[in-house]
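Worksheet: one structure, shown below.
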Amino acid sequence: MANNEFSVTIRNGIHPGCAILSVSGPLVLEHLVAFQEIWDSHPEPTLVLDVSDLSYIDSAAIGFLVNAYVTREKSGKKLALAGVHGMAQRILTVTRVGQLLKMYDTVEEAEKALYRQSAAS
């Protein structure tokens, strides 16, 4: 049975200016207001969204992620998803959002890649 409780845990990344937001449960319309409040309280230049414990994502949450990605990119900030698998991966692939967002197998891979991009800029 899928986890129906939504939660977000936040921790600092291994590089300065990086925050890891770990989402568990379903990221759906009813949780977006709370998620956006958490999201908005983290202006770090680099955010990694760990979705390895995400049970489901709906179209409202996908729209939020696309908007968040575009907004961050325009302001020179980085965003990546880590741990995308299962239902979330299928949904992101079918909607082709996976082609827009940077996705990595692990948080560590995402952090390293984004850090290299920032250092090269």
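The values are calculated or read from the model by the stated rules, or taken from the named source; none is laboratory data. Treat the numbers as computed from the prediction; the structure is a model and nothing was measured. Don't worry about glycine lacking a Cβ; one is built from the backbone with ideal geometry, like all the others, and counts go over all protein chains shown. What goes into the accessible areas is simple: the full protein's heavy atoms, side chains included, and nothing from ligands, DNA or RNA. Shrake-Rupley method; radii C 1.70, N 1.55, O 1.52, S 1.80 Å.
Quick notes on this structure:
- The stretch 71-99 - residue that is part of a helix (DSSP H, G or I) and either within 13 Å of the chain's Cα centre (by Cα) or among the aromatic types (Phe, Trp, Tyr) (or both) and, of those, nearest to LEU27 (Cα to Cα): ALA88
- When GLY17, GLY25 are screened for being of a type in the set (Gly, Ala, Ser) and either surrounded by 19 or more Cβ atoms within 10 Å (Cβ to Cβ) or more than 23 Å from TYR115 (Cα to Cα) (or both), only GLY25 passes.
- Residue match in the stretch 32-55 (condition: small (Gly, Ala, Ser) and in contact with a Ser or Thr (Cβ under 9 Å, 6 or more places away or on another chain)): yes
- Some residue of the stretch 54-70 being at pLDDT below 95, open to solvent by less than 30 Å² (accessible area, probe 1.4 Å) and part of a strand (DSSP E or B): yes
- Any hit, the stretch 30-51, residues being more than 12 Å from the chain's Cα centre (by Cα), modelled with pLDDT under 95 and on the phi > 0 side of the Ramachandran plot: no
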